[in-house]
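FYI, it's all coordinate maths here, none of it is from the lab. Every value quoted in this text rests on a predicted model; they were computed, and no experiment measured them. Note that we place each Cβ from the backbone using ideal geometry, even for glycine, and neighbour counts take in every protein chain shown.
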Amino acid sequence: MKNTSLISHAFLYESTNRDSPRVLLRLIEKSKVEDQLKPVTVIVPSRYCGLMLQRELGHVGSGLINVRFIQISELAKLILKSDLMIQEIFPFKRSVERAVLRKLLLSTNDPFRLFKEHPSLLDFFSRLFGKINLLPSKGFSKHRFGESQKIREIVDIYNEFHRIVGSKYFSSEDLYEKVCTKIIESPDLRINSVGKLIFYLPSNLSVAQVKMVDALPMKFETEILVGLTGDVNADTRQKEFIKRISGNYQLVKQKIDVDHTNSQKKVFVASDPRLEAKWVISDILMKSENNPFRSFAIFYSKTDPYQKIFHQEMSISGIPFVGPSSKKFGDFAVGNALRSMLKIISSDYDRKFVMGWLSNCPVSFPKLSKGNEYEHSLLNRISKEAGILRGFNNWENRLTQFIERESLKYSTDDFTHGRQIEAAKFLRSSIAKFYYKSIIFNNGDNTWSGFAELTVDLLKEYLVSEKELPDDELNALTTIFTKINELAELDALENVSKDVSFLEFVNAIDDILSESISRVGLTGHGVFISDQKLGLGMQFDYVYFVGMTQSDFPVNDLQDEALIDEIMNDAFGNGFSSEESNSEDNLYQLYVFKSLVNSAKRECSFSFPLYGVDSQQTDYPSDWLLEYVSGLAGEKIYASKFISLLDDTSDVEWLTYISSFEQILAMQERHGVIDLSDYDLTLTMELLKKDIPINEHKLLAGSHILSAAEMISARRSKIFSEWDGDVSNSPDLVGVIEKIFSNPISATSLEEWAECPYRFFLHYILGIRQKIDDPSEIFQISPQDSGSLIHQILEDFFEQVITKGEFPASNETWSKKHYEILYSIADENFSKAENYLITADNALWRHKKNQILTDLKSFLIEDDQLRLDFGTRHTLIEQRFGKQNHSDPDELDYWPYLEMDLGGQKIIIRGTIDRVDFNDKNEGLIIDYKTGRSDAFANAFKKDDFGEGTKLQLPLYSIAASQAKSYSEQKKNSFFAAYWFISESENFKRLPQYWRDLNRIDQTDIIKTSNVVQKIVRGVKSGIFPANPVTHDGNTFQEIHGFNQGNCRNCDFIELCPMDRSKIYKNRQAQYDRLKDYLSLKNLTEVDVDE
């Protein structure tokens, strides 16, 4: 659109980027010579640039009266404002575009049919249509592409897409085309509020934007200020732009007579991006003593990982920062609450999603009564113990079963247990309420507006009060609600409004939550952190370029867009060249880079990381960086030579190599540290260099550094301390231990201290509950649950045959009927195991069931021989001495608790004996079933009869039985005892093999047992809880192929132990006085542990 003569009020000014702000100020002042109130509109490259210019230029001269700064898209909307309102058309919204595309792709044909529901296909079409929209001519027909099925299908989708949205929405390129049309067709076009137009540093304009800029002088007084860098390559596209529009504009070259001093250039290299960021921030803190934070800028070429890293580190250090936000709406707590809520509904109330929603989002179930609150951790544990997977019926049934089971154990004086039952009732009621409120989502026949209204109402009901939300969360919530309500516009679009499924709506919400918020911070009030393209037109005292590697600087998306470029070439032939497009983008990036380098008034720093965040592959510096390196070195420097310079940078003033965080701390003074923790570390390093004890410095009082140093020192020493199990000086310990021993305790709890005192401490002193597996991650029954299942089957079997008087005599074998009863009982318990989600119903479980049935069959055969050898004529099953819990009925035939006098200290022991057989000789045989391996028991008994205190069940059971009322009232029974490993894999081994070898009811054995128990009790009371990773056979903790070995093999608390526990335990053995009770149980020489 060229006129034959130049327009008198259209000027094109050419200036250097460095001088551009001053030239702009002159142009504004010149425009207001006759009228200070004359409106001037400056079209800027970015909103940030406009805000900075407004701040900087507003303090110069007469200021900026009636001057506004907007972007080119805002100018276009301003010109078309009345037209858009009359026609009721709107700019494309991302969520609307993706919803329409998603609907169209559901019915796509080959070659895309197989991928129609894959998210990447939607992203592909969105990017493809975006590229097509930038071309001068977007209209094309599938007929011109012959037999290309791929192109024909794309054309169909493209045409149908624009048929649906064309009357209601417009793209950005459509907007600029409409402006050009209005300028030509509207002779009386006037917008008084716009006034004079000044384009400030226009760059990378699309074809439609250039056309609009070229047409504006026909109706508006227009000036263009083009900035040049002085670099021939970087200025290529700017020169081409000048040529394209100079037909309507008078070209004026501007020069400001100011003595510019080139900024100082520095280069630094870090081992990885995070260390690179720490160095930049540390350097900023050093310089901020005499410079405001707004005088610093950090630019990266690629958003990932730098944006998130810098935002995190800046937040930690308390430095204000400005720029595009790294947060998406879904990253906010309210956004996560929305996504999680819809995910719960779409996943059929999956347990993990429900508990994650409650734990990680600002939501809560309405309370049953005032003050009735339950910790999320408690609700999570209950849902796991109840075995909940998904589905409302699953929640209802499993929680009901859990409440019934737990109620049997409940005692009125057991507050914790009672609260757990009430929490389960609360959870059941809350899930039911949520289900009935949300079930309407899956009822069908919903519209976009209907889904939107339901979603907003439901989220409002379960979100915490808006008064409790921080300002940024509240702002995000308001925007999210606005965007959700905008989805109602889809009801007006043909095809898209029909048969709206809940999944379609959820996908649309995900699109909203994946959008980034516009910006963070207030421009001019912090360090500017941004992609370099957004920095064009801005000037700073100190500029940092980070991530300058060959692979990322400049950004090259050619590989990522290969398929799109292929399609564009097929569709537009010679009219489109992907290589040319990529080359032009590189030139634009170079132009921006050079502009920003020139904008640095005092110092410009370049950096790159040798390695990526998660990669150990060496990267090389960008050619753009090497250009400045060569200038600083005074010779041509290539990548390989530059890397070699890092070996010794002591003589290179302009180059710094950061290989560790410790180096950063050592190089910077304390006022250059990032946060309080770094300050403490820096101070500690200074004190250590001067041989000053760090615990004597007042500034470190209360610092975690002291605690960490004390812990490391203590664990490396041979002194037994509170850092590795000596809590004898704790004032709260006595009360906790007294409570433990004032109540009946089990033999297994005593064994636990003998095996690993630290495990006892965590379990019984701190009350940390054992880890519960997520029900959805249970693929096969655990060894512990398998053992409990077999015990229960045998208990039910013996109870039934004994109750019915069908127990065979010692010389009789189990009959076929007995086998049938056993198999029937096993099937019932298998069903319960599946119902309680102890295992999953899969091939592994079916194999395990067959294995258990085989072991049970063999058990009856082996039991025939045992009863014959012993002469069994009567058997007791699950014989309790003392009540095990409050659910035990009073009518059971209990034996008395076992009371032991340990030299003035009395303790009460309770227990349940799996089985006691009696014969005519007034003898009793105590049997403790074991379903695991026997080698650990065999190794333990090689040490002594008590397995170093870890095998107390049989001796304590024997003493309890001998003191109880015997089967024969005339004479006390003589008791033998044995562990019986009831599986074919263990050949039904007994320990001892000959059960008559184990008879512990004479006075000598009672004294021996009492001495062992006394040492354990005394050790617990003395506050001695070392972590013992060593097994009876001398194996210690180590991780082999992901499995923990040694005494830690099946420990629930392994993650709470130090990794060097083996070395610590070895060192502690030298402290015999403190550990004499524990070590005397072991009767061990020093354990050989690898250093």
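Using mean Cβ contacts within 10 Å as the protection proxy, how do 785-796, 594-605 order, highest first?
The most tightly packed comes first, giving 594-605, 785-796.
Whose amide H sits under 5 Å from the amide H of LYS265, counting only residues 5 or more places off or on another chain, with H placed in the peptide plane?
Amide H neighbours of LYS265, under 5 Å, 5+ apart: CYS604.
In nm, to one decimal, how far is the modelled label at SER325 from the one at ASP231, with both set 7 Å along Cα→Cβ?
The modelled label-to-label distance comes out at 3.3 nm.
Could you compute the FRET efficiency for LYS636 and TYR819, with r as their C-beta to C-beta distance and R0 at 56 Å, rounded to 0.05?
Efficiency at R0 = 56 Å is approximately 0.05.
From the Cα gyration tensor of the stretch 729-880, with a ≥ b ≥ c the square roots of its eigenvalues, which class applies: rounded if a/c is under 1.5, or else prolate if a/b is larger than b/c, or else oblate?
oblate
Give the separation of the Cα centroids, the stretch 420-485 to the stretch 36-60, in Å.
Centre-to-centre (Cα) distance: 43 Å.
Can you give the FRET efficiency for VAL456 and GLU584, using 1/(1 + (r/R0)^6), R0 = 60 Å, r = Cβ-Cβ distance, to the nearest 0.05?
Efficiency, from the Cβ-Cβ distance: 0.85.
For the stretch 784-835, give the magnitude of the charge dipole about the Cα centre (Cβ charges: +1 Lys/Arg, -1 Asp/Glu; no others), in debye to the nearest 20.
Dipole of the stretch 784-835, to the nearest 20 debye: 180 debye.
Check which residues have an amide H placed less than 5 Å from SER746's amide H, if you skip close sequence neighbours.
Close amide H contacts, sequence-distant or interchain: ARG910.
What is the packing order of peptides 504-510, 740-746, 309-315, 527-533, taking the mean over residues of other C-beta atoms within 10 Å and listing the highest first?
Packing order, densest peptide first, comes out as 527-533, 504-510, 309-315, 740-746.
Calculate the spin-label point distance for ASP785 paired with SER644, positioning each point 7 Å from the Cα along the beta-carbon direction, and give it in nanometres.
6.3
What distance in nm lies between label points placed 7 Å from Cα along the C-beta direction at LYS425 and LEU1056?
The two pseudo-label positions are separated by 3.1 nm.
What list of ³J(HN,Hα) values in whole Hz, one per residue of the stretch 185-200 in order, does the Karplus curve 6.51 cos²θ - 1.76 cosθ + 1.60 (θ = phi - 60°) give from phi, with Gly and Pro shown as x?
These are the phi-based 3J(HN,Hα) values: 8, 10, x, 9, 5, 9, 10, 4, 6, 6, x, 7, 9, 10, 7, 9 Hz.
Quick check on the stretch 144-232: take the gyration tensor over C-alpha atoms, sort the square-rooted eigenvalues as a ≥ b ≥ c, and tell me if it's rounded (a/c under 1.5), prolate or oblate.
Oblate, because a/c is 1.5 or more while a/b does not exceed b/c.
May I ask you to derive the relative contact order of the stretch 160-293, considering only C-alpha pairs under 8 Å and at least 6 residues apart, and to give it as an integer percent?
Relative contact order of the stretch 160-293: 19 percent.
If packing is taken as the average number of other Cβ atoms within 10 Å across a peptide's residues, how do 347-356, 843-852, 873-882 rank, most packed first?
Output ranking for 347-356, 843-852, 873-882: 347-356, 873-882, 843-852.
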